[in-house]
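A.B. asks: This is the structure I want to talk about, given as structure tokens.
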Amino acid sequence: MDWGRRALESEVEFSRALGSQPVEYPGFIHMYNRLVPWGGDFNRAVGVRLSDLGSFEEVVRQVEGIHRKKGLERPNRFDICPPGLDEESWRDYLRRRGYSLETAIFFCAPALRESLPSDFVLTVPSEEQYLEWFRGLVQARGYYNEDWFEKLRPLQLSFAKVFRPYWLLRKGDLVGWVYCAHLGDYTRLFEVEVSQEFRGQGLGGVLLRAIRVESGRLGAGFVLLQSGEELRGFYEKAGFGECARSSIIWLARNTG
């Protein structure tokens, strides 16, 4: 199974669900979101294919040209999938150019066909329930204001139609959540989270198991997610194994 291709496909679907328009160019796909004028996860290049450092410079030149024409901020993220160069050999070069480099690891696990313990329920909230919960979530994170939320509302509802929010309940308490897109033969996960007050009780593993069960119920064979090396032990304990990698190049914040 070509997990590198599925990883790229699911990244494109993530941006598309938030209103982005993918345009394929030779050597990369540009994700453009006219509703979100700044850069980052909304206006970026994914699936960048490299053969040497010169080819990276050419991609940067092309993408910066696209952003100038569209009146966007300078692009600040390039996803290299599959990784095109040995990271150690070009990390210093990128630092001198004002970029940082990190590795994204994709983990997958087979879907399950079994039942959850009787005290757990996996559910999809109604639109009203979801918006109320999401409002509280962003308020708690400290970057909420009403105008911003009203602009975000249609994007978030569009996103939730593809990457559906699933809540894990234990005796009526919301103990964790995850966003899932069922993409044919696999399910892609984003934001695997356990509520603050329930952390340290092994519920992250229960949540992942519940999603693997749901994925199997819907006919998918596998579950796919992205994480960093620091969470490898957690995902491997939950039955996941590394299946693909990509390199992520970020523009340093202090670069003009």
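The values are calculated or read from the model by the stated rules, or taken from the named source; none is laboratory data. It should be emphasised that the depicted structure is a prediction, and the values quoted were computed from it without experimental measurement. Glycine gets a Cβ as well: all are built from the backbone with ideal geometry, and neighbour counts include every protein chain shown. Heads up: the accessible areas ignore ligands, DNA and RNA and are worked out on the full protein's heavy atoms, side chains in. Shrake-Rupley method; radii C 1.70, N 1.55, O 1.52, S 1.80 Å.
A.B. asks: Over the stretch 16-93, what per residue volume does the convex hull of the Cα atoms give, in whole Å³?
C.D. replies: In the stretch 16-93, the Cα hull volume divided by residue count equals 91 Å³.
A.B. asks: So for the chain, if I pair up every lysine 8 or more residues apart or on another chain, how many of those pairs have alpha-carbons under 30 Å apart?
C.D. replies: 6
A.B. asks: If I ignore ligands, DNA and RNA and count only protein heavy atoms, how much of ARG61 is accessible to a 1.4 Å probe, in Å² to the nearest 10?
C.D. replies: 140
A.B. asks: Find which of TRP177, GLY200, GLY221 sits farthest along the positive direction of the dipole of the stretch 107-238, computed with +1 on the beta-carbon of Lys and Arg, -1 on that of Asp and Glu, about the Cα centre.
C.D. replies: Toward the positive end, the furthest listed residue is GLY221.
A.B. asks: So if the hydrodynamic radius of the stretch 107-204 is defined as the Kirkwood radius over C-alpha pairs, what does Stokes-Einstein give as its diffusion coefficient at 37 °C and 0.692 mPa s, in µm² per second?
C.D. replies: Answer from the Stokes-Einstein relation: 219 µm²/s.
A.B. asks: Still on this structure, I have one more. What does the accessible area of GLU242 come to, in Å² to the nearest 10, when a probe of 1.4 Å is used?
C.D. replies: Surface accessible to solvent at GLU242 totals approximately 80 Å².
A.B. asks: Using the Cα centre as the reference, give the magnitude of the dipole from point charges on the C-beta atoms of the stretch 18-151 (Lys, Arg: +1; Asp, Glu: -1; all else neutral), rounded to the nearest 20 debye.
C.D. replies: Computed charge dipole of the stretch 18-151: roughly 600 debye.
A.B. asks: Would you kindly find the accessible area of SER118, with a 1.4 Å probe and non-protein molecules such as ligands, DNA and RNA excluded, rounding to the nearest 10 Å²?
C.D. replies: It works out to around 120 Å².
A.B. asks: Further, regarding this structure: Across the stretch 79-121, what fraction of all alpha-carbon pairs, as a whole percent, falls in each successive 5 Å bin from zero upward?
C.D. replies: 5, 15, 17, 15, 8, 6, 6, 8, 8, 8, 4, 0
A.B. asks: P(r) for the chain, please, calculated from all Cα pair distances in 5 Å bins and given in %.
C.D. replies: Bins of 5 Å from zero give 1, 6, 12, 15, 17, 16, 14, 10, 6, 2, 1, 0 percent of pairs.
A.B. asks: Translational D (Stokes-Einstein, µm²/s) of the stretch 68-142 at 4 °C and 1.567 mPa s when Rh comes from the Kirkwood sum over C-alpha pairs?
C.D. replies: 71
A.B. asks: Starting from the coordinates of the alpha-carbon atoms of the stretch 1-136, obtain the Kirkwood hydrodynamic radius over all distinct pairs and give the value in Å to one decimal.
C.D. replies: 17.5
A.B. asks: Per-residue ellipticity at 222 nm for the chain, helices alone: DSSP H runs ≥ 4 residues times -39500 (n - 2.57), over residue total, nearest 500 deg cm²/dmol?
C.D. replies: Computed ellipticity for the chain at 222 nm equals -12000 deg cm²/dmol.
A.B. asks: Could you work out what % of the accessible surface of the stretch 80-225 is carbon and sulfur, using a 1.4 angstrom probe and leaving DNA, RNA and ligands out of the count?
C.D. replies: The computed percentage sits at 49.
A.B. asks: Using the heavy atoms of the protein chains alone and a 1.4 angstrom probe, what is the accessible area of the chain per residue in square angstrom?
C.D. replies: Value returned for the chain: 50 Å² of accessible area per residue.
A.B. asks: With charges set only on the Cβ (+1 for Lys and Arg, -1 for Asp and Glu), what does the dipole of the chain come to about its Cα centre, in debye to the nearest 20?
C.D. replies: Dipole about the Cα centre, nearest 20: 360 debye.
A.B. asks: Name the trypsin sites (Lys or Arg not before Pro) in the stretch 209-256 that are in a loop by DSSP and that have at most 10 other C-beta atoms within 10 Å, would you?
C.D. replies: Passing both the DSSP loop test and the Cβ count: ARG253.
A.B. asks: Compute the relative contact order of the stretch 99-231 as a whole-number percentage, counting only Cα pairs closer than 8 Å that sit 6 or more residues apart in sequence.
C.D. replies: 36
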